Amino acid sequence: MAQVTGTKQEHLIVVSDQPGKRLLKKLVYWLLFTLFSVGSFLVGEYLGMESQQSALVERDLLRAELALKRGEIEALTQEVTALRVGADVDRQSTDAVRLNIKQLEEEKFQLQQDLSFYKNIMAPKSADKGLRVQKYELHRTDQPGRFRFKLMLTQVSDSNRLLSGLATVSLVGRQEGIEKSLALKDLSEEVKDQNIRLGFRYFQNIPGPGERYAEMVIPEGFEPDYLLVVAQSRGPKPKRVEQKIPWQFEEAVTDASESKTQSD
């Protein structure tokens, strides 16, 4: 028999066909796949439940710790509030005590001034006795050209003799460069007469009794220089007092030794 050279020979294998075996293999494959899937699902569910349970436990712990911290914060807030209130009370008490001490010191100083004043009237040491301008007060107001003032005339004497007489008060200054004198009654509604009647044993206030002040209104363009007080007492030993009070805004005390006096 002749051979054909140059041609590849194919070998054929005859296998018997077993449909049942192939079906069994497929069934085993799907069974294993199903078991693996179910197992993976169950393991995942288990791990998820474990993780969820751990998260719940951690959440509960965090909630408990948060509640504890909130309680501590509230307690500290209340403590801080109490300390602030206590500090405010202490501060207010300290301020009240300081203010009270200051008021008492001012009252003490005023009482000492008053005592010295009355001692000087009741038991004068100066040989210059009789009528005098004791003190004056002059204050600004919040209205331009309007001022508050008060004068005090005293009688320095060893006796309680009633002093009577007259006093005039004028404001001397310049207007448009010309010296001018204005009567107090023309400047103040509280002063009705140019000649103010005097009648007292120890002292008399102008414009009136007590701690009254009078207001004076200065005409526009008038530049005050000083207040001129002229007082004339009557009686066995009449005395004339003439006092120039500088136009300055502070309380001042003036006695007869600084005044121009004249006995009749």
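The values are calculated or read from the model by the stated rules, or taken from the named source; none is laboratory data. None of the values given here were measured: they were computed from a predicted structure. All Cβ positions, even for glycine, are placed from backbone atoms using ideal geometry, and neighbour counts span all protein chains on display. Side chains included, ligands, DNA and RNA excluded: accessible areas come from the protein's heavy atoms. Shrake-Rupley method; radii C 1.70, N 1.55, O 1.52, S 1.80 Å.
Scanning the range 159-169 for residues that are in contact with a Ser or Thr (Cβ under 8 Å, 6 or more places away or on another chain), modelled with pLDDT of 85 or more and open to solvent by less than 20 Å² (accessible area, probe 1.4 Å) gives a single hit, Gly165. When the range 216-258 is examined, which residues are found to be more than 13 Å from Phe149 (Cβ to Cβ), open to solvent by 20 Å² or more (accessible area, probe 1.4 Å) and modelled with pLDDT under 55? Hits for the range 216-258 are Val253, Asp255, Ser257, Glu258. Can you pull out the residues in the range 219-245 that are assigned to a strand (DSSP E or B) and closer than 18 Å to Arg174 by Cα? Of everything in the range 219-245, those that are assigned to a strand (DSSP E or B) and closer than 18 Å to Arg174 by Cα turn out to be Phe222, Glu223, Pro224, Asp225, Tyr226, Leu227, Leu228, Val229, Lys244, Ile245. If you take the residues of the range 184-215 that are more than 13 Å from Lys150 (Cα to Cα) and of a type in the set (Asp, Glu), which of them is most open to solvent (accessible area, probe 1.4 Å)? It comes out as Glu189.
Val156 passes every criterion in (1) touching a Ser or Thr at 6+ places or on another chain (Cβ under 9 Å); (2) at pLDDT 90 or above; (3) among the β-branched types (Val, Ile, Thr) apart from (2).
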